[in-house]
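Visitor: Quick one: this structure, given as structure tokens, is what I'll be asking you about.
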Ligand SMILES: C[S@@+](CC[C@H](N)C(=O)[O-])C[C@H]1O[C@@H](n2cnc3c(N)ncnc32)[C@H](O)[C@@H]1O
């Protein structure tokens, strides 16, 4: 049984002032971790080799997955926030694993050769104006970009969804965090046209947010 | 940055760039680290990597020792080959230096092991910009 757990990584190397620079793990993070833990058998049976987390923040999710899958996979992460990249690397190190972090917009600098087996994204999903997506703000902070999602909270997510079929392998899994306002039904429809079957595998209502995790798969 | 990471990076999204691969690698600080060898992982990774890009990158920084310039034919059973690939993919760590787009010459600095490939909106192709900027 012990083997099937997705242990929550130790984050004691990060302090209060670090969370002024990167997104502190919250309900959405924990819902994603719970969903991945429940789905660990599905993930293991895919035998993913190349995994990618987009927008890794503190690195808690990529580190948990990297630890669970061990030397059978290579975990990469991206974030546009330079502190997130640094902390992701440190979180992995503090937990005796490795996450290879590259600072970039989404997956824009990854070769689009259907090579990623497992993709994770807890995006900025909050409904805001499009202007709030301008990066970074006057005092140089990236923190608002951790949650500001533009119209319907979909502007950032949609830029990834558009070409995810070219990024992901013929047999692959993709876990995405959404809220009700993002119109999950529309996202499911959208991705089915790229050959992905989607299913909501976890939901939680936290204060006024209806959070869900959708699992997309193809070739399985 | 591991050479496996280098192998999957491309600057194709830059305006006016048609292939953007492989990125040129300049390393000013390289660390060699120990990583657990998993023969099956390396075997299963071979079809995903661009082998000549890997070989060229390793050679350009002088870490191609023992690596043949093409994939060994019987690679699944060739432990010596798989170990050499393991070493180059995972144990050679670029701490600082830069990556360079082979077409535009745009440089991306690597600091503390992390490449910075964040570019301005006006540097990328429209297709990456569906949000109306
Ligand atoms: C909701 S937070 C999630 C952080 C972490 N994965 C977690 O679950 O706690 C979203 C993250 O995405 C990053 N992000 C936002 N827009 C991005 C973009 N265009 N490209 C890369 N990362 C982005 C933010 O900096 C932030 O770290």
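Visitor: So is residue A:157 part of a loop (DSSP other than H, G, I, E, B) and either modelled with pLDDT of 95 or more or in contact with a strand residue (DSSP E or B) (Cβ under 9 Å, 6 or more places away or on another chain) (or both) or not?
Guide: no
Visitor: Something else about it: Exactly one condition in (1) over 17 Å from residue A:21 (Cα atoms); (2) over 16 Å from the mean Cα position of the chain (by Cα); (3) assigned to a loop (DSSP other than H, G, I, E, B) is not met by residue A:139; state its number.
Guide: (1)
Visitor: Continuing with this model, one more query. In this structure, does residue A:121 turn out to be closer than 20 Å to residue A:48 by Cβ and within 14 Å of the ligand (Cβ to nearest atom)?
Guide: Considered against the rule, which asks whether it is closer than 20 Å to residue A:48 by Cβ and within 14 Å of the ligand (Cβ to nearest atom), residue A:121 comes out as yes.
Visitor: Out of the residues in the range A:41-50 that are more than 14 Å from chain B (Cβ to nearest Cβ) and surrounded by fewer than 17 Cβ atoms within 10 Å (Cβ to Cβ), state the one that is farthest from residue A:214 (Cα to Cα).
Guide: Across the range A:41-50, the extreme among qualifying residues is A:45.
Visitor: Further, regarding this structure: Go through the range B:3-16 and give me each residue that's facing chain A (nearest Cβ under 7 Å) and under 13 Å from residue B:99 (Cβ atoms).
Guide: B:5, B:8, B:9, B:10, B:11
Visitor: Let me ask something else about it. Those residues that are surrounded by fewer than 21 Cβ atoms within 10 Å (Cβ to Cβ), closer than 20 Å to residue A:110 by Cα and within 16 Å of the ligand (Cβ to nearest atom), I need them from the range A:162-188; list them, please.
Guide: A:162, A:163
Visitor: Go through the range A:106-136 and report how many residues are part of a loop (DSSP other than H, G, I, E, B), more than 12 Å from chain B (Cβ to nearest Cβ) and touching a strand residue (DSSP E or B) at 6+ places or on another chain (Cβ under 7 Å).
Guide: 5
Visitor: Could I ask something else about it? Given the residues B:88, B:71, which is the only one that is within 16 Å of residue A:100 (Cβ to Cβ), touching a helix residue (DSSP H, G or I) at 6+ places or on another chain (Cβ under 7 Å), more than 8 Å from every other protein chain (Cβ to nearest Cβ) and buried (at least 16 other Cβ atoms within 10 Å of the Cβ)? Break it down into steps so the answer makes sense when it comes.
Guide: Details: B:71 fails: within 16 Å of residue A:100 (Cβ to Cβ).
Of the residues listed, the single one that is within 16 Å of residue A:100 (Cβ to Cβ), touching a helix residue (DSSP H, G or I) at 6+ places or on another chain (Cβ under 7 Å), more than 8 Å from every other protein chain (Cβ to nearest Cβ) and buried (at least 16 other Cβ atoms within 10 Å of the Cβ) is B:88.
Visitor: Looking at the range A:142-151, which of its residues are assigned to a loop (DSSP other than H, G, I, E, B) and either within 12 Å of chain B (Cβ to nearest Cβ) or more than 11 Å from the ligand (Cβ to nearest atom) (or both)? Before the answer, list the steps.
Guide: Here is the first cut: in the range A:142-151, the residues assigned to a loop (DSSP other than H, G, I, E, B) are A:142, A:147, A:149-150.
Scanning the range A:142-151 gives A:142, A:149, A:150.
Visitor: For the subset of the range A:11-66 comprising residues that are out of contact with any helix residue (DSSP H, G or I) (no Cβ under 7 Å at 6 or more places or on another chain) and closer than 13 Å to residue A:77 by Cβ, which member is farthest from the ligand (Cβ to nearest atom)?
Guide: Top of the filtered list is A:52.
Visitor: Being more than 7 Å from chain B (Cβ to nearest Cβ) and either in contact with a helix residue (DSSP H, G or I) (Cβ under 8 Å, 6 or more places away or on another chain) or more than 22 Å from residue A:17 (Cα to Cα) (or both) is the filter here, so list the residues in the range A:85-105 that pass it. Outline the logic, then answer.
Guide: At the first step, the residues of the range A:85-105 found to be more than 7 Å from chain B (Cβ to nearest Cβ) are A:87-88, A:90-99.
A:87, A:88, A:91, A:92, A:95, A:96, A:97, A:98, A:99 - these are the residues of the range A:85-105 that are more than 7 Å from chain B (Cβ to nearest Cβ) and either in contact with a helix residue (DSSP H, G or I) (Cβ under 8 Å, 6 or more places away or on another chain) or more than 22 Å from residue A:17 (Cα to Cα) (or both).
Visitor: I've got another one for you. Residue B:110 is checked against (1) under 13 Å from the mean Cα position of the chain (by Cα); (2) on the phi > 0 side of the Ramachandran plot and fails just one. What number does that condition carry?
Guide: Of everything listed in (1) under 13 Å from the mean Cα position of the chain (by Cα); (2) on the phi > 0 side of the Ramachandran plot, residue B:110 misses just condition (2).
Visitor: Pull up the range B:18-37, narrow it to residues that are over 21 Å from residue B:111 (Cβ atoms) and in contact (Cβ under 8 Å) with a residue 24 or more places away in the chain, then point me to the one that is farthest from the other protein chains (Cβ to nearest Cβ). Please lay out each step first, then the result.
Guide: Taking the range B:18-37 and keeping what is over 21 Å from residue B:111 (Cβ atoms), we get B:18-21, B:34-37.
Next, only the ones that are in contact (Cβ under 8 Å) with a residue 24 or more places away in the chain stay: B:18-21, B:34-35, B:37.
Details: B:18: 13, B:19: 10, B:20: 9, B:21: 6, B:34: 11, B:35: 7, B:37: 8 Å.
Checking each candidate, the answer is B:18.
Visitor: Only residues that are at the interface with chain B (Cβ under 7 Å from one of its Cβ atoms), surrounded by 24 or more Cβ atoms within 10 Å (Cβ to Cβ) and within 14 Å of the ligand (Cβ to nearest atom): list them for the range A:67-84, please.
Guide: A:76, the sole residue that qualifies.
Visitor: Only residues that are under 22 Å from residue A:25 (Cβ atoms) and outside any strand (DSSP E or B): list them for the range A:162-220, please.
Guide: Passing the criteria: A:180, A:181, A:182, A:207, A:208.
Every residue, every condition in (1) in contact (Cβ under 8 Å) with a residue 40 or more places away in the chain; (2) buried (at least 22 other Cβ atoms within 10 Å of the Cβ), yes or no:
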site	(1), (2)
A:122	yes, yes
A:125	yes, yes
A:131	no, no
A:140	no, no
A:143	yes, no
A:149	no, yes
A:153	no, yes
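Visitor: Quick check on my filter: what residues within the range A:91-102 are within 11 Å of the ligand (Cβ to nearest atom) and either in a helix (DSSP H, G or I) or surrounded by fewer than 22 Cβ atoms within 10 Å (Cβ to Cβ) (or both)?
Guide: A:91
The values are calculated or read from the model by the stated rules, or taken from the named source; none is laboratory data. Please read these numbers as outputs of a predicted model, since none were measured by experiment. In this analysis, Cβ positions are derived from the backbone assuming ideal geometry, glycine residues included, and neighbour counts consider all displayed protein chains.
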